[in-house]
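One structure is given here, and the rest of the page talks about it.
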Amino acid sequence: MAATMKVDIVSAEEQIFSGDAEFVVLPGIMGELGIYPRHTPLFTEIKPGAVRMKVPNQEREELVFVMGGYLEVQPHAVTVLADTAIRAKDLDEKAALEAKRAAEEAMQNKTSKEEIAQAEAELATALAQLEAIRKLRHRA
Amino acid sequence: MPSSKEIRGKIRSVQNTRKITKAMEMVAASKMRKAQDRMRASRPYLERAFNIAIHVAQANAEYRHPFLHKRETVKRIGAIVVTTDKGLCGGLNTNVLRLVLSKHKEWTAAGLGVDYVAIGGKGLAFLPRMGGNVVASVVQLGDRPHLDRVVGPVKSLLDRYIAGEVDEVWVFYTSFINTMKQEPRGGRVVPVPMRFQKPSGELVKPESAAGSWDYIYEPDARTLLDGMMRRYIEAIVYQAVAENMGSEQSARMVAMKAATDNAGKIINELQLIYNKTRQAAITKELSEIVGGAAAV
C-alpha cells in the first residue's frame, strides 16, 4: 500500500473534505502543485479551481472545487484553508464601502471599476467551474 | 363584571397568541440545531488559521505584522458589535448592548474615542442613541451567516487600523454556552492576542516552536501573512456572528416557550372567570323567574 497523508479542506463556513490521500493536485498561485506524502513544509496561496486527490482503494480521483484560499503542506498532512467566495481586492473594497454606505444611509452610484471587478470574479468562478466539470466528464 | 361575551372574545384572542408563540418556538428549535452545527463547522478553520498565522509571524521575526504589533498609546478603539436583526429573543441584545455601554463609558471616561461597526439591526438602532459613532454596518443577515457579508465591515475597520485611525479592534457578541445559557462577551481581536480561546474557555498557545523548521513560501512570507491574518480576523468575526445566531435561536425558543406557558395560564384564569359569570347569570335569571312566579 502506498504512503498516504491526511487531507483537510476547510472553509470558515464548513468542512469540505477530510480524509487520506496518496497524491494531491492543487491550483497554486504560482502554478499547479502536485503533492506526495513527506513533502517539505510549504505555505502558499491557491487560485480558484479544482483540487484532485488520489484516495487509497479507489479507482477514481476525488475532485473538490475551491474558491481559492491558502494551502499548508506538512510532511503527513495537507490543509487547505478555502475561501467561501472569490476574493479580489476591488471586491473587498466594494464590500467595505457598501458597509460604510449602509451606515451612512447615503446612496451613491456604483463606479464602473467595481462592476468590472465583480464581473471578472464571476467570470473566474464560472471558468474554474467549467474546468472542473470538463475534468469530471473526461473521466466519466 | 365583564359580560361573558367579552371574556369569550378575550380567551379566543389569547388562544390565537398562544398559537403564534408556539409556532415561533418550534421554528426557533429547528433553526437552532442548524445554527449550532454551523457554529461548530467554523472551528477547525479558525484553529488552523491561528496556528499558521502565528507560526509564520514567529518564523519571520524581521517582519512585524501590524496586526501583531501592540501600539504604545491607544487613542481610538474600533468595536464590532454583533446583535440580532429581529427581536422576540428575550434579553439577548439587551445584555450584549449593556456590556457595550459599560465599556463605552469606560473608554470615554479614559478619553478614548470609539468607532463602531454594527452587525445586526438591533445594534445599529441602539449604538447611535448611546452616542456611539457608527462607521459601518451590515443588517439583514438572514438565518445563515455568510462570510462575504462580514468581509466588508471588517475590512473597513482593519483599514482604519492600518491607517492608524484606530489602535485596537474589539468584538462584542453573545457567546453560546448551552440552550438555556448565553453570555455576552467582548474581547480584543487586534492586535491579535498570542493565544487562542477554545469554546470551553481553555486557552491554547500556538503549537509551533519557532526556529526548528519553516515553510517554503510561494510567493513570499509577507504577502501570505498579510492575507492569512485578514482571513483569521474575518473568521473570528464570522465565528462571533455564527455563535450569535445560535444564541439568538435558543434564546428565542426559550422566550417563546415562556410566552406559550404564560398564555396557557391566562387562558385558565379567564376560563374560570367566564364560568363564574355564566353561573352568576343563570342563578340571576332563575331567581328572577322564581321571584316572578311568586308574585303572580
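Can you pull out the residues in region B:132-159 that are in contact with a helix residue (DSSP H, G or I) (Cβ under 6 Å, 6 or more places away or on another chain), more than 7 Å from chain A (Cβ to nearest Cβ) and part of a helix (DSSP H, G or I)?
Matches in region B:132-159: B:Val150, B:Val154.
Just to be sure I understand the filter: pairs with C-beta atoms under 7 Å, separated by 6 or more residues or on different chains, first member in region B:269-296 and surrounded by 10 or more Cβ atoms within 10 Å (Cβ to Cβ), second member of a type in the set (Val, Ile, Thr) and in a helix (DSSP H, G or I). Which pairs pass?
As it stands, the answer is B:Leu270/B:Ile7; B:Leu270/B:Ile11; B:Leu270/B:Val14; B:Gln271/B:Ile11; B:Ile273/B:Ile7; B:Tyr274/B:Ile7; B:Tyr274/B:Ile11; B:Thr277/B:Ile7, since those pairs meet every condition given.
Could you check region B:160-182 and list, in sequence order, the residues that are assigned to a loop (DSSP other than H, G, I, E, B), among the aliphatic types (A, V, I, L, M) and within 24 Å of A:Glu93 (Cα to Cα)?
B:Ala163, B:Val166
Take the residues in region B:113-124 that are within 12 Å of another protein chain (Cβ to nearest Cβ) and assigned to a helix (DSSP H, G or I), then tell me which one is farthest from A:Lys94 (Cα to Cα).
That would be B:Gly123.
Of everything in region A:43-56 that's of a type in the set (A, V, I, L, M, F, W, C) and buried (at least 19 other Cβ atoms within 10 Å of the Cβ), which residue is nearest to the other protein chains (Cβ to nearest Cβ)?
Selected residue: A:Phe43.
Is it true that B:Ile80 is touching a helix residue (DSSP H, G or I) at 6+ places or on another chain (Cβ under 9 Å), modelled with pLDDT of 90 or more and assigned to a strand (DSSP E or B)?
Taking the combined requirement at face value, the residue satisfies it.
Return the only residue of A:Glu13, A:Glu72, A:Glu61 being closer than 18 Å to B:Leu46 by Cα and in contact (Cβ under 8 Å) with a residue 60 or more places away in the chain.
Within the list A:Glu13, A:Glu72, A:Glu61, the selection yields A:Glu13.
Within region B:3-21, how many residues are touching a residue at least 40 places away in the same chain (Cβ under 8 Å) and surrounded by 12 or more Cβ atoms within 10 Å (Cβ to Cβ)?
Looking only at that region, the number is 10.
Scan region B:28-41 for residues that are surrounded by 14 or more Cβ atoms within 10 Å (Cβ to Cβ) and either within 23 Å of B:Ile267 (Cα to Cα) or polar (S, T, N, Q) (or both) and jot them down.
B:Gln36
Going through B:Lys5, B:Lys70, B:Lys19, B:Lys34 one at a time, which residue ends up being closer than 30 Å to B:Gly187 by Cα and not in a loop (DSSP other than H, G, I, E, B)?
Going through B:Lys5, B:Lys70, B:Lys19, B:Lys34 in turn, just one is closer than 30 Å to B:Gly187 by Cα and not in a loop (DSSP other than H, G, I, E, B): B:Lys34.
Could you figure out which of (1) crowded, with 20+ Cβ neighbours inside 10 Å; (2) away from chain A (no Cβ under 14 Å); (3) at pLDDT below 90 isn't true of B:His55?
Going through the list (1) crowded, with 20+ Cβ neighbours inside 10 Å; (2) away from chain A (no Cβ under 14 Å); (3) at pLDDT below 90, B:His55 breaks only (2).
Being touching a Leu at 6+ places or on another chain (Cβ under 6 Å), within 25 Å of B:Ile52 (Cβ to Cβ) and buried (at least 22 other Cβ atoms within 10 Å of the Cβ) narrows it down to one of B:Val192, B:Val171, B:Val154, B:Val150, so name that one.
Sole residue among the options that is touching a Leu at 6+ places or on another chain (Cβ under 6 Å), within 25 Å of B:Ile52 (Cβ to Cβ) and buried (at least 22 other Cβ atoms within 10 Å of the Cβ): B:Val192.
Within region B:218-236, track down each residue that is at the interface with chain A (Cβ under 10 Å from one of its Cβ atoms) and in contact (Cβ under 8 Å) with a residue 40 or more places away in the chain.
B:Ala221, B:Leu224, B:Leu225, B:Met228, B:Arg230, B:Arg231, B:Tyr232, B:Glu234, B:Ala235, B:Ile236
Can you name every one of the strands (runs of 3 or more DSSP E) wholly within region A:21-88 that holds 1 or more residues which are of a type in the set (Gly, Ala, Ser) and touching a Pro at 6+ places or on another chain (Cβ under 9 Å)?
Counting at least 1 such residues, we get A:42-54, A:62-74.
If the Cβ limit is 8 Å and pairs must be 6+ apart or interchain, which residue in region A:117-132 that is in a helix (DSSP H, G or I) pairs with which residue that is β-branched (Val, Ile, Thr) and at pLDDT below 70?
A:Ala121/A:Ile86; A:Glu122/A:Ile86; A:Ala124/A:Ile86; A:Thr125/A:Ile86
Among (1) of a type in the set (Gly, Ala, Ser); (2) modelled with pLDDT of 90 or more; (3) under 18 Å from the mean Cα position of the chain (by Cα), where does B:Ser42 come up short?
(2)
Do we have any residue at all in region B:99-112 that's more than 14 Å from chain A (Cβ to nearest Cβ), loosely packed, with under 15 Cβ neighbours inside 10 Å and touching a residue at least 40 places away in the same chain (Cβ under 8 Å)?
Checked against the condition, which is being more than 14 Å from chain A (Cβ to nearest Cβ), loosely packed, with under 15 Cβ neighbours inside 10 Å and touching a residue at least 40 places away in the same chain (Cβ under 8 Å), region B:99-112 yields no hits at all.
Quick one: in region A:14-42, of everything that is crowded, with 22+ Cβ neighbours inside 10 Å and over 11 Å from the mean Cα position of the chain (by Cα), which residue is farthest from the other protein chains (Cβ to nearest Cβ)?
Per the criteria, the residue is A:Ala21.
I'm checking my understanding of the structure. Among residues of region A:1-13 that are surrounded by fewer than 19 Cβ atoms within 10 Å (Cβ to Cβ) and in a loop (DSSP other than H, G, I, E, B), which one is modelled with the lowest pLDDT?
Here the residue is A:Met1.
Give the number of residues within region B:83-98 that are over 22 Å from B:Glu234 (Cα atoms), in a helix (DSSP H, G or I) and among the aliphatic types (A, V, I, L, M).
1
Of a type in the set (D, E, K, R), without any contact (Cβ under 8 Å) to a residue 12 or more places away in the chain and in a helix (DSSP H, G or I), is that true of B:Arg48?
Answer is yes for this residue.
The values are calculated or read from the model by the stated rules, or taken from the named source; none is laboratory data. Since we're looking at a predicted model, the values are computed, not measured. Here Cβ is always computed from backbone atoms with ideal geometry, including for glycine, and neighbour counts include all displayed protein chains.
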